Amino acid sequence: MKSITPAALVAAAIGDFGNFMVASTPGGIETQERSGQIEQSFKETLPVDMGEHRTQFEALGFVFGESEGIFIEAKFPKGWRKKPTEHSMWTDIVDDQGRKRGGIFYKAAFYDCRSAAHLETRFSVRDNYGNQERVVSVVDVSGKVEKKITGLLAPDWDDHAEGLRRVEKCEQARRELTAWLDENYPEWRSPLAYWEE
């Protein structure tokens with residue numbers, strides 16, 4: 001059953017009957033986004049918007065050509081490719097060893113079409129949220145835990161002071177693990193560092 005959504009009204013207002021039909025069909029926008037993701041995954045392109053990462057992409061061997069809208073032609077290094085994720089707006093960039101080295105956000109909806117690319121660092125500090133317990137870890141991109149701090153509790157906002165104390169303990173754990181990374185992997189914030197180890 002068709003319904004008039006805000007996106008359908010936008011399409012109707014500009015006389016775009018095809019996108020009016022997409023936007024007024026249940027699941028139509030999601031299908032359009034998934035189709036855009038799949039279509040882009042087969043092209044040697046990257047989003048024009050790479051933030052500060054463009055020079056790092058070039059250092060990895062990406063060679064850029066002509067831009068077309070929100071994408072730019074990109075010759076990938078040998079063995080590198082795009083790999084669509086389960087989420088219609090995200091595609092991984094994987095290297096010749098199958099490791100996730102970056103990501104592409106692409107929203108292919110006609111009314112809000114945009115994209116951006118980024119590179120990943122080899123190591124990061126992450127929180128693992130359980131029901132009541134939190135674990136803060138240094139994680140390798142493969143998911144291997146290098147170091148962790150356990151025994152942290154999720155904030156209990158029924159007791160505001162206790163909730164703030166628990167938040168501060170988690171923040172302290174992040175600071176400790178960041179300092180550990182700084183000492184053991186001084187260039188860990190660079191997407192170019194430590195991949196060959």
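The values are calculated or read from the model by the stated rules, or taken from the named source; none is laboratory data. The structure displayed is predicted, hence computed values, not measured ones. All Cβ positions, even for glycine, are placed from backbone atoms using ideal geometry, and neighbour counts span all protein chains on display.
Annotations for the structure displayed:
- Residue count for segment 56-85, restricted to those that are surrounded by 15 or more Cβ atoms within 10 Å (Cβ to Cβ), touching an Asp or Glu at 6+ places or on another chain (Cβ under 9 Å) and more than 16 Å from SER41 (Cα to Cα): 2
- Listing of strands (runs of 3 or more DSSP E) fully contained in segment 104-197 that carry 2 or more residues being modelled with pLDDT of 95 or more, within 30 Å of LYS82 (Cα to Cα) and aliphatic (A, V, I, L, M): 114-119
- Where helices (runs of 4 or more DSSP H) fall entirely within segment 1-55, those with at least 1 residues that are modelled with pLDDT of 70 or more and crowded, with 19+ Cβ neighbours inside 10 Å are at 28-41.
- Matching residues in segment 86-104 - criterion: being of a type in the set (S, T, N, Q) and farther than 12 Å from LEU46 by Cβ: SER88, GLN97
- Residues in segment 165-192 that are of a type in the set (Ser, Thr, Tyr) and touching a Ser or Thr at 6+ places or on another chain (Cβ under 8 Å): 1 in all.
- Residue within segment 86-102 that is touching a Leu at 6+ places or on another chain (Cβ under 6 Å), in a helix (DSSP H, G or I), at pLDDT 95 or above and surrounded by 17 or more Cβ atoms within 10 Å (Cβ to Cβ) present: no
Per-residue answers, yes or no, for (1) among the small types (Gly, Ala, Ser); (2) under 22 Å from PRO186 (Cα atoms); (3) without any contact (Cβ under 8 Å) to a residue 24 or more places away in the chain; (4) not assigned by TED's automatic domain parsing to the domain that holds GLN37:
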site	(1), (2), (3), (4)
ARG101	no, yes, no, no
ASP127	no, yes, no, yes
ARG134	no, no, no, yes
ASP140	no, yes, yes, yes
GLY143	yes, yes, yes, yes
GLU146	no, yes, yes, yes
LEU152	no, no, yes, yes
GLY163	yes, no, yes, yes
GLU168	no, no, yes, yes
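- Here the condition is being within 30 Å of GLU73 (Cβ to Cβ) and among the aliphatic types (A, V, I, L, M); of LEU181, LEU192, LEU164, LEU177, it holds for LEU192 alone.
- Filtered residues of segment 70-85 (kept if in a strand (DSSP E or B), farther than 20 Å from THR55 by Cα and free of Cβ contacts under 8 Å to residues at least 40 places away in the same chain): none
- LEU152 vs. criteria surrounded by 15 or more Cβ atoms within 10 Å (Cβ to Cβ) and under 25 Å from the mean Cα position of the chain (by Cα): no
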